[in-house]
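Below is one structure, written out as structure tokens; the observations come after it.
Derivation of every value follows stated rules applied to the coordinates shown; laboratory data play no part. Because the structure is a prediction, the values reported are computed rather than measured. With ideal geometry, Cβ positions are generated from the backbone for all residues, glycine too; neighbour counts draw on all protein chains shown.
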Amino acid sequence: MTQGGWRKSSFSSGGETDCVEVSLGVEHARVRDSKNADGPVLTVTPAAWGALVGAVDLINN
């Protein structure tokens, strides 16, 4: 995934409303609810984001 703006999960189809979006930066990764773009944002380190993505990959594969 590229750095910068907000990106929705590739698993989300056009009609899905239960999605999160992520924005990756050099010093942090931010996650928010796609239905509430102005709502709270979870900010984690790149290492924490990588650990989460790795864990999800293990569960799904």
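Taking 7 Å along the Cα-to-C-beta vector as the label spot, tell me the VAL41-ARG7 distance in nanometres, rounded to one decimal.
About 1.7 nm, to one decimal.
In percent, what relative contact order does region 7-60 have, based on Cα pairs under 8 Å that are 6 or more apart in sequence?
On the way: 64 pairs, mean separation 13.1, N = 54.
Here the relative contact order equals 24 percent.
Quick one: Karplus J couplings for region 21-34, per residue in order, coefficients 6.51, -1.76, 1.60, θ = phi - 60°, nearest Hz, x for Gly and Pro?
10, 10, 10, 9, x, 5, 9, 7, 10, 10, 10, 9, 7, 5
For TRP6, TRP49, which order do you get if you count the other beta carbons within 10 Å of each Cβ and list the fewest first?
Values: TRP6 15, TRP49 18.
Least to most surrounded, the residues fall as TRP6, TRP49.
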